[in-house]
Every structure is written in structure tokens, then in C-alpha cells.
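The values are calculated or read from the model by the stated rules, or taken from the named source; none is laboratory data. These numbers were taken from a predicted model, which means no experiment stands behind them. Please note: Cβ atoms are built from the backbone with ideal geometry, for glycine as well, and neighbour counts cover all protein chains shown. Only protein heavy atoms, including side chains, enter the accessible area calculation; ligands, DNA and RNA are left aside. Shrake-Rupley method; radii C 1.70, N 1.55, O 1.52, S 1.80 Å.
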Amino acid sequence: MSLLKIAIQKSGRLSDNSKKLLEECGIKFSNGAGVLKTTAQNFPVELLFLRDDDIPQYVEQQVADIGIIGENMVVEKDKDINVVEQLGFAHCRLSLAIPKEETYTGLTYFMNKKVATSYPKFLSEFFRENKITAEIEEISGSVEIAPGIGLADAVCDIVSSGSTLSTNGLKEVETILKSQAVIIGNKNLSAEKLEILSGLLFRIRAVKNAKENKYILLNAPESAIQKICSILPGMKSPTILPLAEKGWVSLHSVVKEDQFWERIDQLKEAGAEGILVIPIEKMIL
Ligand code: PRT
Ligand code: ZN
């Protein structure tokens with residue numbers, strides 16, 4: 001029986017969420033310090049703990065069958081692999097930033113400028129597509145410091161809250177890529193491995209759906225049922241139970257969490273009371 005080899009980041013911004021996702025999928029594994037490889041106890045997978053930069057190459061070479069990395073890494077490494085699933089965590093963007101005091105005039109600002117980045121391949125492609133001739137200075141870390149020490153005029157780096165840019169006297173002027181964590185996969189997986197992957201994806205989607213949805217219970221007068229169902233589009237066929245008080249019902253359903261928050265005032269106006277919103281652990285559609 002073969003095992004599906006999954007490469008995840010050993011330590012860094014992706015590692016906790018990657019491990020958590022697998023655990024939420026019911027996959028049990030030990031992960032002591034210094035462990036680089038481990039076999040799950042209850043699912044046919046083997047985990048490899050690696051640097052994120054190496055994962056695309058290892059997946060291409062099938063040292064690992066699949067891997068979890070940021071889309072930013074996928075585009076920069078440009079390996080012959082498949083992007084299998086977006087995972088909805090590690091959201092960030094790859095952006096161009098310039099010194100705060102500079103006036104930004106659009107992309108032509110970068111004409112003949114020197115830009116420091118850890119994403120030379122993706123950035124040079126972006127400049128080429130936009131017909132900008134600029135010099136790219138490749139550096140592997142602490143990119144934001146480059147303009148301050150006279151190494152470059154601008155930077156292209158990952159931004160999340162924007163506070164690192166601001167601390168270093170820079171402002172974000174263009175987003176060139178939006179990124180989140182994804183599963184990448186080797187293109188030639190055996191039928192047996194594809195079957196394990198499909199079982200894993202089934203579980204991952206159940207976990208993702210559960211996170212995006214909530215179980216909602218509310219009390220309402222019978223006369224308001226139709227109105228409430230039209231306010232919450234997810235509530236196509238809610239469960240309706242009579243309350244002890246005549247003319248009142250308890251309404252149960254599953255709704256998208258963001259839709260719920262947008263419409264809470266309308267719900268109350270329609271007569272909903274005693275609204276409970278409960279997390280869902282797994283949701284199989
Ligand atoms: O050691 P290893 O090579 O495995 O890890 P690493 O140091 O190369 O990567 P790591 O752990 O920093 O990031 C892994 C992945 O997390 C990235 O490839 C992105 O897909 C994703 N991610 C999400 C981020 C950020 N958010 C992020 N904020 N990666 C980096 N940053 C850095 C950014 O480089 C900048 O220095 O955080 C700073 C900006 O953050 P803000 O919040 O100040 O804007
Ligand atoms: Zn890295």
C-alpha cells in the first residue's frame with residue numbers, strides 16, 4: 001500500500017495552519033522538534049517537513065507527491081506542477097512599494113529604477129508585460145530595508161498588514177499578485193495516490209465549508225417565516241419547530257457567516273428573536 005507524501009513547511013508562517021488543517025481532517029501524526037519525516041497513524045500519508053522554497057521543486061521531482069505553499073512561491077518557482085486546491089489561509093499580496101515621500105506617477109515611475117525583491121522571476125515578467133525597463137536587485141530577506149540603506153529605489157515584497165513597509169518608511173503603490181496557501185501536486189500521480197488525494201480533498205473541503213458556514217437558530221412569529229427566509233438566502237429549506245408559545249416557531253438552518261452579519265438588522269426588523277449562531281465542525285455537501 002503506497003503512502004501519499006505531503007510536503008509542508010517545517011517552521012514559518014504556513015506550518016501551524018498546515019498542520020492544523022491536517023489535524024482537523026482527522027489525520028493523526030507526531031511532530032517532535034527535529035523530526036523531518038513522519039507517517040500518519042490513521043491515514044495513508046507521510047509528512048515531510050521542509051523549507052517552503054524547496055517544496056515546488058520536490059513536488060515536480062516527486063520527492064513529495066503534494067505540498068502546501070503560498071501562491072507567491074508557486075508563481076516565482078514556476079515548476080511543472082498542478083495547483084490542486086486553494087486553502088483559504090496565509091492571505092497576503094506581492095506589492096511594489098516606494099519611499100513614502102515620493103510622488104507615485106503610475107507604473108512608469110519604475111522606469112530605470114532599481115527594485116529589490118525576493119521574487120526576481122515574477123517581477124521581471126510583470127515589468128516585461130508592462131513594458132517597464134527596471135533593474136532588479138535580488139535579495140533573499142529583509143527586502144524592506146533596501147531603499148533605506150541605498151541598495152535600491154523601491155521594493156517588491158509580500159505585504160500582509162502593511163506595517164513592515166510603514167516602519168521602513170515605504171508605501172505600497174501596486175499589488176502585482178494576491179496570494180493564499182494552496183495544495184500543489186505532482187502531475188504524474190499513480191491511480192492509488194490520486195485516490196488517497198481525493199479522500200484527503202474530501203475531508204479538506206468539509207473542513208473549509210464548515211468554517212465558512214454557521215448553524216443558526218432563531219425564534220420568530222409564524223407570520224415572519226417567509227420574510228426571514230428571503231433575508232437569508234441560504235435558508236432555502238429551514239427546519240421549523242413550534243414553540244410552546246402559540247404562533248411562534250424556532251427556525252434552524254445553515255448560513256454563510258458573512259451573509260449573516262450583513263443582514264442581522266434586517267432579521268431583527270423582520271421579527272427574529274433569540275438568535276443563536278453556532279460553529280459547525282465538519283460540513284459534507
Ligand atoms: O524558512 P522558510 O523558507 O520555510 O520560510 P520563509 O521565511 O521563506 O517564509 P515565511 O514563513 O515567512 O512565509 C511563508 C509564506 O507565508 C509566504 O510564502 C507567503 O505565502 C505567506 N505569508 C503570509 C507571508 C506573509 N503573510 C508575510 N507577512 N510571508 C511573508 N510575510 C512577511 C513579508 O515578507 C514582510 O517581511 O511579513 C512582512 C510583511 O508583513 P506585514 O504584516 O508587516 O505587512
Ligand atoms: Zn522560504
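Taking the numbered list (1) open to solvent by less than 60 Å² (accessible area, probe 1.4 Å); (2) over 30 Å from GLN62 (Cβ atoms); (3) of a type outside the set (A, V, I, L, M, F, W, C); (4) not in a strand (DSSP E or B) in turn, GLY141 passes all entries but (2). Of everything in segment 144-160 that is over 16 Å from PHE110 (Cα atoms) and touching a residue at least 40 places away in the same chain (Cβ under 8 Å), the residue that is most open to solvent (accessible area, probe 1.4 Å) is SER160.
Of all the residues in segment 1-42, those that are among the hydrophobic types (A, V, I, L, M, F, W, C), closer than 17 Å to ILE204 by Cβ and more than 16 Å from ligand 1 (Cβ to nearest atom) number 6. Among the residues of segment 40-55, the ones that are away from ligand 2 (no atom under 16 Å from the Cβ) and open to solvent by 70 Å² or more (accessible area, probe 1.4 Å) come to 2 in all.
Considering segment 56-82, the residues that are in a loop (DSSP other than H, G, I, E, B) and hydrophobic (A, V, I, L, M, F, W, C) include one that is surrounded by the most Cβ atoms within 10 Å (Cβ to Cβ), namely ALA64.
Looking at segment 108-128, which of the residues that are in a helix (DSSP H, G or I) and among the hydroxyl-bearing types (Ser, Thr, Tyr) is nearest to ligand 2 (Cβ to nearest atom)?
The first filter runs over segment 108-128 and keeps only residues in a helix (DSSP H, G or I), leaving 108-110, 120-128.
Next cut, among the hydroxyl-bearing types (Ser, Thr, Tyr) only: 108-109, 124.
Numbers: THR108: 32, TYR109: 29, SER124: 19 Å.
It comes out as SER124.
Exactly one of (1) closer than 18 Å to GLY88 by Cβ; (2) of a type in the set (A, V, I, L, M); (3) surrounded by 15 or more Cβ atoms within 10 Å (Cβ to Cβ) is unmet by LEU285. Its number? LEU285 satisfies every listed condition except (3).
For segment 14-28, taking the residues that are in contact (Cβ under 8 Å) with a residue 12 or more places away in the chain and open to solvent by 30 Å² or more (accessible area, probe 1.4 Å), the one that is farthest from VAL83 (Cα to Cα) is identified as LYS28.
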